[in-house]
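First up is the structure itself, then whatever we jot down about it.
The values are calculated or read from the model by the stated rules, or taken from the named source; none is laboratory data. Source: prediction; values computed, not measured. All Cβ positions, glycine included, derive from the backbone under ideal geometry; neighbour counts span all protein chains shown. Just so you know, the surface numbers come from the protein's heavy atoms only, side chains and all, with ligands and any DNA or RNA stripped out. Shrake-Rupley method; radii C 1.70, N 1.55, O 1.52, S 1.80 Å.
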Amino acid sequence: MEWQDCSVKMEVDVPVSVAYNFYLDRESFPKWMPFISSVEVLKDKPDLSRWSLKYNAFGQDIKYSWLARNLQPTPNQKIHWRSLEGLPNKGSVRFFPKGPSSCIVELTVSYEVPALLTPVASVLRPFLESLLRGGLERFAALAKTT
């Protein structure tokens, strides 16, 4: 199997602590990430969450799910995770203060290219990076309203 890494970064006009805390709310992801249809944090194990992805691309409905574990975060600096079952993926989001009222958010996602998408793997990275960038733009807009 083939793994791909995608990274996007963006300036967000909120203090780093606001961006960090907003990103910690995993169940809010479907509000701003276009291909995440649901996230459920497990009540008895809050470091675990069930994710569902649904997106129409290349003329097909693409659906995947996975169980992820949030690893030990570094407050106001880094949140990272890895999947335990389902779609193999891992990643991190890093927060860099730019000033008292803004920060840089850098999102990196690594995933195993599903067999269904292997034929289009070469176009998958720029496509996913554009989806992630659009998600971060919505994240930036919503973070300002919190």
What are the ³J(HN,Hα) values, in whole Hz, obtained from phi via the Karplus relation 6.51 cos²θ - 1.76 cosθ + 1.60 with θ = phi - 60°, for each residue of segment 15-23 in sequence order, with x given for Gly and Pro? x, 4, 5, 5, 4, 4, 5, 5, 5
Output needed: percent of Cα pairs per 5 Å distance bin for the chain, bins running from 0 to the one holding the longest distance. 2, 9, 18, 24, 21, 14, 8, 3, 0, 0
What does the charge dipole of segment 44-83 about its Cα centre add up to, to the nearest 20 debye, if the Cβ of each Lys and Arg holds +1 and the Cβ of each Asp and Glu holds -1? 60
With θ set to phi - 60° and the Karplus curve 6.51 cos²θ - 1.76 cosθ + 1.60, what are the ³J(HN,Hα) couplings of segment 26-31 in order, to the nearest whole Hz, using x for Gly and Pro? 4, 5, 8, 3, x, 5
Under 20 Å from the Cα of Lys31, which aspartates and glutamates turn up, not counting those fewer than eight places away in the same chain? Glu11, Asp13, Glu40, Asp61, Glu106, Glu129, Glu137
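So what is the relative contact order for the chain, in percent, with contacts set as C-alpha pairs under 8 Å and at least six apart? Spell out each step's value before the answer.
Values: 286 pairs, mean separation 47.3, N = 146.
Value for the chain: 32 percent.
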Once the in-chain neighbours fewer than 8 apart are removed, the lysines whose Cα is under 23 Å from Lys98 read Lys9, Lys78, Lys144
The percentage of the accessible area of the chain (probe 1.4 Å, all protein chains present) made up of carbon and sulfur atoms, to the nearest whole number, is 52
To check my understanding: the extent here is largest minus smallest coordinate of the Cα atoms along each principal axis. What are those three numbers for segment 38-112, in Å, largest first? 43, 35, 20
Size of charge dipole - the chain - debye, nearest 20, with Cβ of Lys, Arg +1 and Asp, Glu -1, no other charges: 180
Post the alpha-carbon centroid distance, segment 92-146 to segment 23-53, in whole angstrom. 15
Send over a whole-number figure in Å² for the accessible area per residue of segment 1-106, probe 1.4 Å. 55
Residues of segment 1-23 with amide N under 20 Å of the 7 Å Cα→Cβ point at Lys98: 7-23
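In segment 5-86, which GluC sites (Glu not before Pro) fall in coil by DSSP and have 11 or fewer other Cβ atoms within 10 Å? Intermediate results must be reported in sequence, preceding the final value.
On the way: sites: Glu11, Glu27, Glu40, Glu85; in loops: none.
In loop regions of segment 5-86 (DSSP not H, G, I, E or B), there are no sparsely surrounded GluC sites (Glu not before Pro).
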Using the alpha-carbon atoms, what tilt in degrees (0 to 90, nearest 10) does helix 121-143 show relative to the longest principal axis of the chain? 30
Taking only the Cα positions of segment 1-49, the convex hull volume per residue in Å³ is 134
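Which order do you get for Asp61, Asp44, Asp25 if you rank them by accessible area with a 1.4 Å probe, largest at the top?
Details: Asp61 100, Asp44 125, Asp25 75 Å².
The residues order as Asp44, Asp61, Asp25, largest area first.
What's the extension gain from Glu129 to Met10 if we count 0.36 nm per residue and subtract their Cα-Cα distance? Kindly include the intermediate steps, with their values, before the conclusion.
Values: separation 119, 0.36 × 119 = 42.84 nm, distance 1.22 nm.
41.6 nm is the gain from fully extending Glu129 to Met10.
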Placing each pseudo-label 7 Å from Cα in the direction of the beta carbon, Thr74 and Ala121 end up separated by a distance in nanometres of 3.1
Whichever aspartates and glutamates have a C-alpha closer than 17 Å to that of Lys43, once near sequence neighbours (fewer than 8 apart) are set aside: Asp25, Glu27
